[in-house]
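Right, one structure below, let's go through it.
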Amino acid sequence: MSMVSVQLPDGSMKEVPAGSSPLDVAASIGERLAKQAVAARVDGQLVDVAVPLHQDCRLELVTLGGRDGLEVYRHSAAHLMAHAVKEMFGSEVQVTIGPAIENGFYYDFFSDSHKFTPEEFEAIERKMAELAKADLPIVREEMSRDSAIELFRSMGEDYKVRLIEDLPNQTVSLYRQGSFVDLCRGPHLPSTGYVKAFKLTSVAGAYWRGDEKNAMLQRIYATAFPDKKELRSYLHRLEEARKRDHRKLGRELDLFSFSEEAGAGLVIWHPKGAMLRTLLEDFERREHLRRGYDIVMGPQILRTDLWKTSGHYENYRENMYFTEIEEQSYGIKPMNCLSHMLIYQSHIRSYRDLPLRFFELGTVHRHEKSGVLHGLTRVRGFTQDDAHILCAPEQLDGEIKGVLQFVRDVMEIFGFEYELEISTRPEKSIGSDQDWDRATHALMSALRDTGLPFEINEGDGAFYGPKIDVKLKDALDRRWQCATIQCDFTLPDRFDLTYVGRDGEKHRPVMVHRVILGSIERFIGVLIEHYAGNFPLWISPVQAIVVNVTDNQAEYADQVFNLLRSEGIRVEKDVRNEKLGFKIREAQLKKIPYMLVIGDKEMEQETVAPRHRSGATLDVMKPADFVRFVQEECKLYH
Ligand SMILES: [Zn+2]
Ligand SMILES: [Zn+2]
């Protein structure tokens with residue numbers, strides 16, 4: 001018998017009879033591994049565990065514990081769903097494609113007579129469970145293109161025929177399980193019984209091949225996990241995310257809206273949302289001033305020639321909006337850098353002036369495709385807490401460390417953990433090798449100094465310099481891009497910025513673009529979901545609501561309300577002639593931190609009895625003491 005030698009990931013070699021499969025190899029190592037193996041990598045290529053090995057090779061067994069294994073698992077679950085749908089709907093529905101995606105999979109179906117609804121999901125899931133229980137072997141077959149076309153044509157699967165017609169290969173592979181056959185590269189699980197836990201989640205329209213000129217398909221989204229426990233925990237997180245969805249809470253808490261008439265991706269801030277935003281912006285101004293930044297403001301549109309000087313026109317034009325005034329072309333700013341450069345240029349600068357730190361709550365507009373717009377987190381017009389630091393090269397390290405400390409302080413105030421990443425030179429970029437090396441080195445050394453772990457993204461920098469990205473982790477363990485720190489040796493060159501050094505000579509300053517929260521819009525979207533709408537007292541648009549029990553206390557309730565408001569407390573009142581329980585429930589839905597219920601006792605003693613939205617009650621106190629209490633609670637630094 002001829003033998004082949006197989007090299008395992010730990011470097012050890014195994015001799016097995018030619019024609020043995022990865023599964024046989026797994027079994028020869030241990031029964032447990034054989035049970036866990038769902039696919040294999042042979043010389044780097046992902047294949048079925050049942051594929052016969054005819055040559056010496058490197059072999060890595062793929063289990064459900066890893067990314068590859070999960071993808072094979074989820075893609076097999078997609079076949080299982082298509083199988084169930086075909087069993088239930090027969091020729092009424094045609095199959096197209098069904099890839100694995102993050103946390104699950106989808107399958108696109110075509111039908112001109114049947115429209116899938118979520119009400120059918122349970123029946124489809126039952127059918128899938130039945131087919132999984134039957135533990136049908138999933139078998140790979142190879143055949144010539146022509147026979148495959150003939151086969152799918154005879155089954156009335158026109159979309160599959162079209163897919164095969166577009167393949168360059170002379171031979172194609174199919175996967176069969178029971179009565180179901182699908183064109184597929186594979187690999188797949190050994191049998192349907194491996195699929196243990198899945199759930200259909202939604203159905204949406206999707207064009208064939210993503211092209212709106214093509215037929216509309218029906219895409220069923222689903223999720224699948226190796227076991228029921230993991231599935232349950234995922235569904236729980238999904239449900240929690242749904243409850244916290246900032247678009248839904250934004251409506252319920254009356255924070256903001258979008259209007260088709262105004263245009264997609266343009267936020268309209270209602271009083272409470274505008275208050276929240278104002279509080280954040282005031283916070284930002286204070287924090288920047290105490291760190292030695294100057295507040296500046298620039299125009300919304302700048303002449304296109306200036307965008308040409310900066311390189312934006314060449315590198316960023318497709319994301320910009322342009323307009324014309326008196327035959328002069330203007331670009332609406334997608335970034336705030338340019339006016340800050342002009343402020344620098346407005347004086348002769350000496351080394352004694354540096355560093356200069358220009359801060360602007362700068363509103364920018366960028367062209368995002370309508371398909372990617374999403375609530376506050378992906379919009380076309382947004383405001384950045386943007387600053388540009390101009391410093392001498394030897395000051396760069398210290399400045400970047402200062403920004404990282406700023407990020408650390410702010411993230412602590414909001415209760416976010418975060419991760420750091422550094423991105424290096426991309427293919428499309430401007431600036432010399434020497435500039436890039438110097439900038440990258442400065443960022444790296446500042447990162448190392450923080451003592452925090454960081455990741456390196458090769459080639460992911462901005463076109464004008466390397467950058468540090470800060471990704472915060474919210475309460476549901478999702479990652480959000482917020483702060484970025486970008487070094488830029490290029491713009492000072494293009495604008496010929498200089499300062500007079502100690503030596504009396506002209507020198508080039510270094511520039512750092514940086515944001516801390518990033519887009520205020522997006523940050524508010526993240527905050528809403530992070531806090532589930534229960535904002536901390538200091539940024540709650542409404543901090544307290546005065547509620548009377550009966551009309552009898554209406555006058556005193558008014559007095560309390562007026563006192564609080566004059567003391568700067570953000571307060572509302574509800575003196576309607578409604579049942580107390582009803583008023584309390586309404587205040588709770590608004591997630592107002594404190595409710596001040598006023599009955600006869602409070603009125604007689606001229607006190608208030610504050611009750612927190614969590615249900616906890618505070619001691620009865622004088623209204624003036626409540627004012628002090630709120631002021632104390634809102635202090636960010638003690
Ligand atoms: Zn497949
Ligand atoms: Zn900038």
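Please treat every number below as a calculation from the coordinates, not as lab data. Source: prediction; values computed, not measured. Cβ coordinates were reconstructed from backbone atoms using ideal geometry, including for glycine residues, and neighbour counts include every protein chain displayed.
Below 8 Å between Cα atoms, with a sequence gap of 6+, how large is the relative contact order for the stretch 222-328 in percent? Don't jump to the answer; show the numbers that get you there.
Details: 40 pairs, mean separation 11.7, N = 107.
Reported as a whole number, the value is 11 percent.
Here the contact order of the chain, divided by its residue count and restricted to Cα pairs under 8 Å and six or more residues apart, works out to 8 percent. Quick check on my link table: of K401/K591; K86/K229; K473/K635; K228/K583, which ones sit more than 32 Å apart, alpha carbon to alpha carbon? Distance filter (> 32 Å) returns K401/K591; K228/K583. The fewest-to-most ranking of F322, F180 by surrounding Cβ atoms within 10 Å reads F322, F180. For E427, project a label point 7 Å along Cα to C-beta. Then give me every residue of the stretch 436-477 with its amide nitrogen under 18 Å of that point. So the set is 457-465. Label-to-label distance for Q631 and K14 is 7.4 nm, based on points extended 7 Å past Cα in the beta-carbon direction.
Counting only DSSP beta bridges whose two residues both lie in the chain, roughly 85 percent are antiparallel. Taking amide H as placed 1.01 Å from N in the peptide plane, the amide H of G518 sits under 5 Å from that of D385, each at least 5 places away or on another chain.
Straightening the chain between Q434 and S91 buys 117.1 nm, computed as 0.36 nm per residue apart minus the Cα-Cα spacing.
Of the peptides 219-228, 523-532, the ranking by mean beta-carbon count within 10 Å, highest at the top, reads 523-532, 219-228. With an a/c value of 1.5 or above and a/b not larger than b/c for the gyration tensor axes a ≥ b ≥ c computed over the alpha-carbon atoms, the stretch 188-250 is described as oblate. How large is the charge dipole for the stretch 245-382, taken about the Cα centre, if only the Cβ atoms of Lys, Arg (+1) and Asp, Glu (-1) carry charge, to the nearest 20 debye? For the stretch 245-382, the charge dipole is close to 520 debye.
For each of K591, K86, count neighbouring Cβ atoms within 10 Å of the residue's Cβ, then give the residues from fewest to most. The partial results should precede the final answer.
Working: K591 18, K86 22.
By the 10 Å Cβ count, ascending, the order reads K591, K86.
Take the Cβ atoms of S113 and N457, set R0 to 51 Å, and the FRET efficiency comes out at 0.60.
Taking 0.36 nm per residue of separation and subtracting the current Cα-Cα distance, fully stretching the chain between S350 and D305 would add 13.4 nm. Here K622 is the anchor, and the lysines within straight C-alpha reach of less than 18 Å, apart from those fewer than 8 places off in the same chain, are K573, K601. Straight-line reach from K333: taking Cα to Cα under 28 Å and skipping same-chain neighbours fewer than 8 places apart, the lysines in range are K272, K308, K369, K428, K467, K471.
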